[in-house]
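A short reminder: the numbers here are calculations on the coordinates, not readings from a lab. Quantities reported herein were computed from a predicted structural model and do not represent experimental measurements. Neighbour counts run over all protein chains shown; Cβ positions are idealised from the backbone, glycine included.
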Amino acid sequence: MPKRILPLTDLQISKAKPQDKQVTLFDGGGLFLLVTPTGGKLWRFKYRYQGKEKLISLGTYPEISLTDARKRREDARKLLANGVDPGEIKKAQKAAVISSSEHSFEVIARAWHAGKVEGWAVSHAKTTLERLEKNIFPWLGAKPVTEITLSDIKQVLHRIEERAPESARRMYVALNMIFRYCVASEYIGRNPLEGLKPKDIMKREPIEKHFPALTQPQELAPLLRSLDDFKGSFIVKCALQFAPLVFVRPGELRHAEWSEIDFDAAEWNIPVEKMKLSTREKIKRKGDFHCVPLSSQAIEILKALQPLTGRSPYVFTGARSYLRPMSEGAVTAALQRMGYQGEQTWHGFRAVARTLLDEVLQFRPDFIEHQLAHAVRDALGRAYNRTSHLAERRKMMQSWADYLDGLKRGARILPLRRSDHD
């Protein structure tokens, strides 16, 4: 005689607590509730069709109540009584929903984005998709592209522009590319943005912004002394002192690893995968690296930091975990606390070095551009050649560190000159 199953009650379901393993609460007739270790409560219906045991989902509790779940079970049993597999019916319904939405803006925009990823830098691809998900998809995502009008686009862009004009301009560029893709893929006959420029749609033109930087020597000297006097975290202090010496991008510095530092050669070799390059360029140059010659001052900072973070993969570790790199805002917050908000940014140290190495120390622009990891092609047409002018760049980096030390000590400040190539 089969074991009698007592029907579930609402009280029993509401009081069911998650355990280390999944818990199954049976209601009878193939219906049961699955309580997961994470606290989820999932309705399931188990049945046999043509001799095979099958299982379908009937929803989650409490969105689907006990009464609703029992009704769905009875609907499924009626289908079985008529020789129809309820699982196949559910698949067909899901397919119908997908079919009706396959030409929605979000589906097509994601397809466009997937086709662009290979040629974009990882950070740019990630940021573009996040902006679409935050600013565009909630309003246009579900609409078929054939029904989206210029008025719809303007409303969305104006909403973004009210809080972030530059983001609105970037979204205009992305939307224009997406609708051009729609035309090329024959989803629509005409791009609603065709022939229009951002100024034709935006209420105001965004102001182009640059990273603030103190490029005047007399302004830079007090900043350098402030970095040495920083009273916060020692790791952040070391990052602050190290940043102007190497003038790499913030993300490259934050993710610096001890395995990349060669103390004997006085070099920091940054893997190309960490550089600001397109995915295609990174694949082409896989295994390559960007060489940053380290001055004696930079080596001194690293050796002072090594006893503290040397057991971590990262040189500049996070405040909460030695297994994670320093947060993006750590140095920014430190500069703000020192009173340099709006005057100097982390990324701005690159502009400082580019300006003063050229106009004061008078190093060749191509040496500087190579050290900034900008695309400077050599005689053989190679860009980002890690060995290009390496000996000269070693001298340049040491001269730069010595110059910064001189500014801190109050040495005579040389006036800026206009570069011959400007």
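Among the GluC sites (Glu not before Pro) within region 44-80, those in coil by DSSP and having at most 15 neighbouring Cβ atoms inside 10 Å are GLU63.
Database remark: amide H of LYS54 closer than 5 angstrom to the amide H of TYR47, ARG48, TYR49 (H placed geometrically; neighbours at sequence offset of 5 or more, or on other chains; Pro and chain starts carry no H).
Peptides 398-407, 260-269 ranked from most to least packed by the mean count of surrounding Cβ atoms within 10 Å: 398-407, 260-269. Extension gain for LYS54 to LEU361 (0.36 nm times residue separation, less C-alpha to C-alpha distance): 102.9 nm. Straight Cα distances below 16 angstrom link LYS274 to the aspartates and glutamates GLU118, GLU252, GLU257, GLU260, ASP288, GLU328, with same-chain residues fewer than 8 positions distant left out. FRET efficiency for the LEU34 to LEU6 pair, using the beta carbon distance and R₀ = 25 Å, is estimated at 0.90.
What pairs from LYS46/LYS90; LYS15/LYS78; LYS17/LYS71 go past 23 Å between their alpha carbons?
On the way: LYS46/LYS90 14 Å; LYS15/LYS78 31 Å; LYS17/LYS71 25 Å.
Cα-Cα > 23 Å for LYS15/LYS78; LYS17/LYS71; rest within.
Put simply, the amide H of ALA256, placed in the peptide plane, has neighbours under 5 Å in VAL315, PHE316, leaving out anything fewer than 5 places away on its chain. Couplings 3J(HN,Hα) of region 127-141, computed from phi: 5, 4, 5, 4, 5, 5, 5, 7, 9, 10, 4, x, 9, 10, x Hz, in residue order, whole Hz [Karplus 6.51 cos²θ - 1.76 cosθ + 1.60, θ = phi - 60°; x for Gly and Pro]. Sequence-ordered 3J(HN,Hα) estimates for region 307-315 from the Karplus curve with 6.51, -1.76 and 1.60 and θ = phi - 60° stand at x, 8, 10, x, 7, 8, x, 9, 5 Hz, glycine and proline given as x. Amide H contacts of PHE289 (H built 1.01 Å from N, in plane; Pro and chain starts excluded): VAL272 sit under 5 Å, all sequence-distant by 5 or more or on other chains.
Place +1 on the Cβ of every Lys and Arg and -1 on the Cβ of every Asp and Glu in region 217-409, take the dipole about the Cα centre, and give the residue among TRP346, GLN297, GLN362 whose Cα lies farthest towards its positive end. Among TRP346, GLN297, GLN362, the one farthest towards the positive end of the dipole of region 217-409 is TRP346.
For region 105-201, the dipole from Cβ point charges (+1 on Lys and Arg, -1 on Asp and Glu) about the Cα centre works out to 200 debye, to the nearest 20.
Using alpha carbons only, the radius of gyration of region 217-409 set against its Kirkwood radius gives Rg/Rh = 0.95. Determine the shape class of region 10-98: with a ≥ b ≥ c the square roots of the Cα gyration tensor eigenvalues, call it rounded for a/c under 1.5, and otherwise prolate if a/b is greater than b/c, oblate otherwise. Note, shape of region 10-98 comes out prolate.
In this simple spin-label approximation, SER151 and TYR322 carry label points 7 Å from Cα along the Cα→Cβ vector, and these lie 6.3 nm apart.
Order of 40-49, 8-17, 237-246, 318-327 by packing, highest average Cβ count within 10 Å first?
On the way: 40-49: 16.9, 8-17: 12.4, 237-246: 22.5, 318-327: 14.7.
Result, highest mean Cβ count within 10 Å first: 237-246, 40-49, 318-327, 8-17.
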